[in-house]
Amino acid sequence: MLNPAKRAAHLYYNTGITWGLRMANLRKSGIIVSVGLLGLVLLVSSGCGKTEASAPAPQPLPVNTQTVSLTPVPRVDEYVATVKSRRSASIQPQVDGSLTRILVKSGDHVRAGQALMTIDPLKQQATFAQQRSTEAQKKATYDYNRQELERQRALFQEGVTSKQNLDLAVQAFENSKADWEASTAASTSEKRQLDYYNLTAPFSGVVGDIPVHIGDYVSPQTLLTTVDENAELEAYVYVPTERAANIRMGLPVQIVTSSGELIESTKINFISQQVDNALQGILVKAPLHSSLDKFRNAQLVKARVVWSTAPAPTVPVLAVTRIGGQSFVYVATQDEHGSVAKQRAVSLGDTVGNSYAVNGGLQPGDKVIISGIQFLIDGAPVKPIS
């Protein structure tokens, strides 16, 4: 029997030997595993190289194409035009006074001669009545002198009176006649003046804003309202003086909406011979004949003046891509392997419907790709299907 100390030493020795043998076996296994892994990596790498070398070529992308052709493209400039009616009146009084009646309201349709407002006429009525009395007095004097002239003429023919008395009668008659005629004219003027206290519509139309109220004191400088007839409308366009040499009668003008939709096509029928000092532009006019729901007096619209029309290549808007501010299209071209998409920079002009006019970069006959461009890169194989 071993004592406890010897037993502990013997156990420690056997345990150390066993642990050393286990570590040796693990090291041998690690070498074997590492070698195995290395072989597996080499095998996989060799297999991948063979797969890449034998990969098939990419399939061409089916695309729609459009052959570039020459299309008439207008050369236009766009301006802001003002719609004005040939029959639009500002109602202002011709006399002073206080408003006593307003017979219409804004938006009313009125006929020619219809009463709109009344200014207090009492003072003018008194003046007219006084003038009528003066006229009657002058008429009485005139009638008396006419009868006196006839009497003096009869007496002169009988030799009872002298030629001087006859001449005095003639002079008195002529003076009274002139006074009476002048008084009659004054009465007529005062009556017409009285008519000015009743303001009427100059023509049939629509009443505009009424900024005055009953009781306001008005004068010839006061704007009472407006009457507009939405008929015989014209577009007033101020063309810059730089374009003076290009302006001519009959030049086409297109009236469009803010989104560019055509409202009406018309032509210039008036060219001013003077330059507007404030705008430094030349006024041109073009008649408008569209329905009244499209235009109103003093409305601002966009007007395109068409200077000329010339053939130019066009491409659909959807065929254009932009990179860094530069416009590009893809053109289907032929190479040794078939059709490929080539990216081509283009210079674009104005829009013509749903297409762009092309100022440079394309020629008639080029086949522009118009579908699937979001999947294309320069040189990608394609298969045109139209």
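Taking region 308-324 as the search range and keeping residues that are in contact with a helix residue (DSSP H, G or I) (Cβ under 9 Å, 6 or more places away or on another chain) and polar (S, T, N, Q), which one is surrounded by the most Cβ atoms within 10 Å (Cβ to Cβ)?
The qualifying residue surrounded by the most Cβ atoms within 10 Å (Cβ to Cβ) is 321.
Only one of (1) within 14 Å of residue 303 (Cβ to Cβ); (2) open to solvent by 50 Å² or more (accessible area, probe 1.4 Å) fails for residue 256. Which number is that?
Checking residue 256 against (1) within 14 Å of residue 303 (Cβ to Cβ); (2) open to solvent by 50 Å² or more (accessible area, probe 1.4 Å), the one that fails is (2).
In the set 169, 244, which member is assigned to a helix (DSSP H, G or I), touching a strand residue (DSSP E or B) at 6+ places or on another chain (Cβ under 7 Å) and open to solvent by less than 80 Å² (accessible area, probe 1.4 Å)? Don't jump to the end; show me each part of the working.
Numbers: 169 fails: touching a strand residue (DSSP E or B) at 6+ places or on another chain (Cβ under 7 Å).
Criteria check complete, one pass: 244.
Need at least 2 residues that are farther than 30 Å from residue 300 by Cα and not small (Gly, Ala, Ser) per element, so show me which strands (runs of 3 or more DSSP E) inside region 82-133 make the cut, counting only ones lying wholly within it.
Values: elements: 88-91, 97-102, 115-119.
The qualifying strands (runs of 3 or more DSSP E) are 97-102, 115-119.
State all residues of region 205-230 that are surrounded by 13 or more Cβ atoms within 10 Å (Cβ to Cβ) and of a type in the set (Gly, Ala, Ser); if no residue qualifies, say none.
205, 208
Quick check on this structure: which one of 81, 154 is over 30 Å from residue 258 (Cα atoms) and at pLDDT 90 or above?
Values: 81 fails: over 30 Å from residue 258 (Cα atoms).
Selected residue: 154, the only one of 81, 154 that is over 30 Å from residue 258 (Cα atoms) and at pLDDT 90 or above.
Rundown of residues vs (1) open to solvent by less than 90 Å² (accessible area, probe 1.4 Å); (2) under 12 Å from residue 244 (Cβ atoms); (3) small (Gly, Ala, Ser); (4) part of a strand (DSSP E or B), yes/no style:
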| position | (1), (2), (3), (4) |
| --- | --- |
| 286 | yes, no, yes, yes |
| 294 | no, no, no, no |
| 302 | yes, no, no, yes |
| 306 | yes, no, no, yes |
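Tell me which of these residue 333 doesn't satisfy, since it passes every other one: (1) open to solvent by 60 Å² or more (accessible area, probe 1.4 Å); (2) under 30 Å from residue 68 (Cβ atoms).
(1)
Report, by residue number, each residue of region 259-281 that is surrounded by 15 or more Cβ atoms within 10 Å (Cβ to Cβ) and either of a type in the set (Lys, Arg) or in contact with a Phe, Trp or Tyr (Cβ under 7 Å, 6 or more places away or on another chain) (or both).
The answer is 281, and nothing else.
Please state which of the following conditions residue 234 fails to meet, knowing it meets all the rest: (1) touching a residue at least 40 places away in the same chain (Cβ under 8 Å); (2) within 18 Å of residue 300 (Cβ to Cβ); (3) open to solvent by 50 Å² or more (accessible area, probe 1.4 Å); (4) of a type in the set (Asp, Glu).
Here residue 234 clears every test but (3).
Do we find that residue 191 is among the basic types (Lys, Arg), surrounded by 15 or more Cβ atoms within 10 Å (Cβ to Cβ) and assigned to a helix (DSSP H, G or I) in this structure? So that I can check it myself, show each step before the final result.
Details: among the basic types (Lys, Arg): yes; surrounded by 15 or more Cβ atoms within 10 Å (Cβ to Cβ): no; assigned to a helix (DSSP H, G or I): yes.
The answer is no for residue 191.
So, of the residues in region 356-383 that are open to solvent by 30 Å² or more (accessible area, probe 1.4 Å) and not in a loop (DSSP other than H, G, I, E, B), which turns out to be nearest to residue 58 (Cα to Cα)?
Result: 381.
Listed residues 170, 207, 160; which is under 18 Å from residue 92 (Cβ atoms) and of a type in the set (Val, Ile, Thr)?
Numbers: 170 fails: under 18 Å from residue 92 (Cβ atoms); 160 fails: under 18 Å from residue 92 (Cβ atoms).
Answer to the selection: 207.
The values are calculated or read from the model by the stated rules, or taken from the named source; none is laboratory data. Computed from a predicted structure; not experimentally measured. Quick reminder, even Gly has a Cβ in these numbers, built from the backbone with ideal geometry, and neighbours come from all protein chains shown. Accessible surface is based on the protein model in full, side chains and every heavy atom, while ligands, DNA and RNA are left aside. Shrake-Rupley method; radii C 1.70, N 1.55, O 1.52, S 1.80 Å.
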